[in-house]
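In what follows, a structure is listed as structure tokens, so that the remarks can point back to it.
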Amino acid sequence: MRRIVVFNNVTVDGFFAGPNGEIDWFKADRDPEYDEFSRAQSKTGDALIFGRTTYQMMESYWPTPDAMKSNPDMAEVMNGIEKIVFSRTLKSVEEGPHWRNVRLLHEIKSEEILELKEQEGKDIAILGSGSIVRQLTNLALIDEYQLIVHPIILGSGKSLFAGVETKNLRLMKTRAFKNGIVWLCYHPSK
């Protein structure tokens, strides 16, 4: 059975984006150990879930020559992996020579998510997409939360868990990196 895993960058004060959706704050100091960890994590899944905003941001960057030059390993993963986009406003999604395997769904239905989880394959990761994280958390469909905590306080921004019903989590693993980033891995308490 596949798992749904949240893999999100957050600030010390719990924001996954700035007040206007900006994510420029998580340009971490270069750290070879963290870079290797990120590359390894990108290979644990074979599908991504996005909301419209995150999808459009990813689509505007990863298939570009700049992305393929600056981070070819991640560009290859992002461009080829299965992408499931939840949006009520997008009418269609387009694929290109580098941006492939995109499926558009207009609403979150528990039974469809459970069907995805029952398919053969690796983990399904959610990147960004705060509204999707909140909805799937409230439906008890998230199997693991991997939070990459950056050593910065924004003071205001978009909270990853605003509007989520209280959930108890169990800390499973942690890892601290020389650049000040801390990775926290939680499972929902049963």
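The values are calculated or read from the model by the stated rules, or taken from the named source; none is laboratory data. Keep in mind it's a predicted model, so treat the numbers as computed, not measured. Cβ placement follows ideal geometry from the backbone for every residue including glycine, while neighbour counts extend to all protein chains displayed.
Among residues of the stretch 37-65 that are on the phi < 0 side of the Ramachandran plot and touching a residue at least 12 places away in the same chain (Cβ under 8 Å), those with a beta-carbon under 9 Å from a residue that is of a type in the set (Asp, Glu) and assigned to a strand (DSSP E or B) at least six positions away or on a different chain give the pairs 44/123; 45/123; 46/82; 46/123; 47/82; 47/123; 48/82.
Checking the conditions here, which among 186, 145 is hydroxyl-bearing (Ser, Thr, Tyr), at pLDDT 95 or above and either over 25 Å from residue 62 (Cα atoms) or part of a loop (DSSP other than H, G, I, E, B) (or both)? Spell out the reasoning first.
Values: 145 fails: either over 25 Å from residue 62 (Cα atoms) or part of a loop (DSSP other than H, G, I, E, B) (or both).
None of the other options fit; the residue is 186.
Going through (1) of a type in the set (Phe, Trp, Tyr); (2) within 16 Å of residue 21 (Cα to Cα); (3) more than 19 Å from the chain's Cα centre (by Cα) one by one, residue 161 falls short only on (3). Checking 84, 23, 4, 108 one by one, the residue that is touching an Asp or Glu at 6+ places or on another chain (Cβ under 7 Å) and closer than 20 Å to residue 133 by Cα is 4 and no other. The one condition from (1) over 23 Å from residue 22 (Cβ atoms); (2) surrounded by 18 or more Cβ atoms within 10 Å (Cβ to Cβ); (3) not charged (D, E, K, R) that residue 68 does not meet is (2). The residues in the stretch 23-41 that are surrounded by fewer than 16 Cβ atoms within 10 Å (Cβ to Cβ) and modelled with pLDDT of 90 or more can be counted, and the count is 1. For residue 171, the criteria (1) surrounded by 15 or more Cβ atoms within 10 Å (Cβ to Cβ); (2) part of a strand (DSSP E or B) hold in every case but one, which is (1).
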